[in-house]
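First up is the structure itself, then whatever we jot down about it.
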Amino acid sequence: MKKVFVLLILLCFIWKTNAQVESDKALHFLGGNLYGLVGAGVASQISKGNRTWTFVGSVGGSILIGLAKESIDKAQYDGWDNDDLLATVLGGASVGVTIDIFKQRKKRRRAQQFRDAIGANGLLIPELSKEGKQAYPSLYVLAISPKVLQGN
């Protein structure tokens, strides 16, 4: 119920502020979203999923397209608008934050599934045999409990 109340209040604020935002700024925000998504995808591939670089790529992509668009506006219409650039960058930043939130949720869910699959809250410590060697070492590398073989 608390979440629904917070969401309702947030929607009321967004609804009221939507009328005050120019349509041009909304288009810049959308453009920043799209190019921020592209920048985040490229940065994520290059950095092998590093959270920081994914966010930097998202903001960087939106900054690049924002600067390019404002440069074109300056050349064609003799008008540079910092508010348009800010709206574009905010669009990229919002995509970066959203990607980070959903990646962390997916990561936590996978970790929980792994813990549930091995039947423990952490990795099991292998039992040592009489010779001092680990019992079933290859099973632990694969994160399989030896209890599977023992039938327990």
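The values are calculated or read from the model by the stated rules, or taken from the named source; none is laboratory data. Computed from a predicted structure; not experimentally measured. Ideal geometry is used to build each Cβ from the backbone, glycine not excepted, and the neighbour counts take in all protein chains shown. The accessibility values were calculated without ligands, DNA or RNA, using every heavy atom of the protein model including side chains. Shrake-Rupley method; radii C 1.70, N 1.55, O 1.52, S 1.80 Å.
Descriptive notes on the structure:
- R110 contributes an accessible area of around 150 Å² to the protein surface, as traced by a 1.4 Å probe with all chains present.
- Straight-line cross-link partners of K107 among the aspartates and glutamates, defined as a Cα under 16 Å from its Cα and at least 8 positions apart when in the same chain: D116.
- F13/I118 FRET efficiency (R0 35 Å; Cβ-Cβ; nearest 0.05): 0.20
- Taking all protein chains as shown and a probe of 1.4 angstrom, F29 keeps an accessible surface of around 80 Å².
- Sequence of S23, S94 when ordered by accessible area, the most exposed leading, probe 1.4 angstrom: S23, S94
- Across K48/K74; K25/K74; K25/K103, pairs whose alpha-carbon gap is larger than 26 Å: K48/K74; K25/K103
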